[in-house]
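All of the numbers you see were taken from the coordinates with simple rules; none came from a lab. These numbers were taken from a predicted model, which means no experiment stands behind them. Methodologically, a virtual Cβ is constructed for each residue, glycine included, from the backbone with ideal geometry; neighbour enumeration extends over all protein chains shown.
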Amino acid sequence: MSAQINLEGKIYFENEPKSNVAVYLNNTTTGTITNKNGEFNLEVYNGIYELIISHIGFQTIKYNFDTSTYTKPLEFSLLEEESLLDEVVINGKENNEEWEYNFSVFIREFIGTSEFSKSCTIQNPKVLFFEFDSQNNILTAEAIEPLHIKNKALGYDIFYDLKHFSIEKKITKYLGYSYFKESKGSKNKQNKWRKNRLKAYNGSQVHFFKSVLKNSSKEEGFVINQFVRKKNKDRPSQEELLKARKTLSKSNVALNFSRKIDIPKNSIDSALVVLKKAKLPKYIDYLYKSEIASTEIIHEKNNETYLQFDNNLRITYLREKEEKGYILRNSLSKPRKAFPQASNIIPLAEKFIIYPSGILANPLDVLYEEYWSYEKFAHSLPLDYEPNNEN
């Protein structure tokens, strides 16, 4: 980060220069728009980036860019967006009540429900359109232009080019490109933003991955444990549950689910025992390795740094406690003492490349559970954020 280069380029459409095209480094505060001649100019620190070229009505271009190999101006040609957005728009306006409900789900799963999320709003919500597959219980979202998100808790205006959003089997996945602009405000606001940004950074995925790269995770407050997830043998299978429900639906006997049954005397008793066990968790996590070192999960090969480990990781950040909203996030949750923030990393690939900026080359290579799944987009910071500057 000690040196900068001057990144130059030109954008065309049908061999003609294209003005007012957004050009930015993904997930940073570095960006600009093309001039009347289609030209752009950016001062970029040395490093590896995703250069994003975006304009409404055209396909977004993502260009993996390494400053060490840059030798001449870049040129890009835009292609018109080929999609069924017109059909999406028409269908999306058929039921405003349904849209409102889907939007509330989108906000909860994308922006989040944390304290910071209360100060984070989408300024152009009507660019969003939803589709719900009732047969497979899948909700997807699409945006006809970048979302303008104002985060008053962290002091950013964010322009998010949504490329994928889905909720399937209680798992939320989203992917897109972000450009951050710092908000202007009084000295008191600036001080509040600096404090909140540092809080958002501490204990985050980016903080953790950066600490792993520096082999300083323990010194920075992280405890890394390893666990295996196995099916709960005491929980009935789906076939057993279905059979028990059929048995009870055919009976004319008044059912008492609270009745204690030590030894089943008939098929009704057996069915009740099976259904009572339906509340047991499907899986049980077994911790088998505690306080492992960063060097056990990070590897280097062919000039690439990647994470690889067996089973799953449990990451506990000792320097911050859970929010009250996290403790009471479920309808059946009860108030309790706040513990240090704990999150799970469930790998979906054998190994995954990690960049020096603290992000994964393919963010969908892993699934986050617990606290990191609670801190959603409202906690996002640009990659060029430097925590040392906030102290």
For an R0 of 35 angstrom, estimate the FRET efficiency from the Cβ-Cβ distance between LYS72 and ILE171 and round to the nearest 0.05. 0.20
For ASN266 paired with LYS189, estimate the spin-label separation in nm (one decimal), with each label point 7 Å from Cα along the Cα-to-Cβ line. 7.2 nm
Model label zone, LYS289; criterion: amide N under 12 Å from point 7 Å along Cα-to-beta-carbon; scope the stretch 196-230: 224-228
From the phi angles alone, apply the Karplus equation (6.51, -1.76, 1.60; θ = phi - 60°) to the stretch 34-50 and give each ³J(HN,Hα) in whole Hz, x where the residue is Gly or Pro. 6, 7, 5, 9, x, 9, 9, 8, 9, 8, 10, 5, 4, x, 10, 9, 9
In degrees from 0 to 90, rounded to the nearest 10, what is the angle of the helix 96-106 Cα long axis to the longest principal axis of the chain? 90 degrees
For the stretch 261-304 and the stretch 164-191, distance of Cα centres in Å: 33 Å
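Would you please put 324-333, 264-273 in order of how densely packed they are, using the mean number of other Cβ atoms within 10 angstrom per residue and starting with the highest? Walk me through the numbers on the way to the answer.
Working: 324-333: 11.8, 264-273: 15.2.
Order by mean packing, descending: 264-273, 324-333.
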If amide H atoms are built 1.01 Å from N in the plane of the peptide, which residues on other chains or at least 5 residues away come under 5 Å of the amide H of SER114? LYS376
Show me the ranking of peptides 196-206, 298-308 by mean Cβ neighbours inside 10 Å, starting with the highest. 196-206, 298-308
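Can you work out the FRET efficiency for the pair ASN64 and LYS218, with r the C-beta to C-beta distance and R0 = 30 Å, to the nearest 0.05?
Working: r = 33 Å, r/R0 = 1.08.
Computed FRET efficiency for ASN64 and LYS218: 0.40.
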Sequence-distant residues sharing a close amide H with ASP384 (under 5 Å, placed H): THR29
Starting from 0.36 nm per residue, how many nanometres of slack lie between GLU240 and LYS351 once their C-alpha separation is accounted for? 36.3 nm
With an 8 Å Cα cut-off and a minimum separation of 6 or more residues, compute the relative contact order for the stretch 1-73 in percent. 32 percent
Which cross-chain or sequence-distant (5 or more) residues have an amide H under 5 Å from the amide H of TYR12, H modelled 1.01 Å from N in plane? LYS18, PHE76, SER77, LEU78
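Taking the stretch 1-71, which trypsin sites (Lys or Arg not before Pro) meet the DSSP loop condition and have no more than 14 other C-beta atoms within 10 Å? Please report the intermediate quantities before stating the final value.
Working: sites: LYS10, LYS18, LYS36, LYS62; in loops: LYS18, LYS36.
Answer by residue number: LYS36.
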Taking Cα centroids, how far is the stretch 20-76 from the stretch 343-372 in Å? 25 Å
Run the quick spin-label model on GLU320 and ASN41: label points 7 Å from Cα toward the beta carbon, then report their separation in nm to one decimal. 3.9 nm
Per residue of the stretch 211-227, in order, report the coupling 6.51 cos²θ - 1.76 cosθ + 1.60 (Karplus, θ = phi - 60°) as ³J(HN,Hα) in whole Hz, putting x for Gly and Pro. 5, 5, 4, 8, 6, 10, 4, 5, 5, 9, x, 9, 10, 10, 10, 10, 9
Using θ = phi - 60° and the Karplus curve 6.51 cos²θ - 1.76 cosθ + 1.60, what whole-Hz ³J(HN,Hα) does each residue of the stretch 169-179 get, with Gly and Pro shown as x? 6, 6, 10, 9, 10, 9, 8, x, 10, 10, 10
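Is the stretch 118-233 best put as rounded, prolate or oblate by its Cα gyration tensor, with a ≥ b ≥ c the root eigenvalues, rounded for a/c under 1.5, and otherwise prolate when a/b is larger than b/c, oblate when not?
Details: a/c = 2.53, a/b = 1.03, b/c = 2.46.
Oblate, since a/c reaches 1.5 and b/c is not below a/b.
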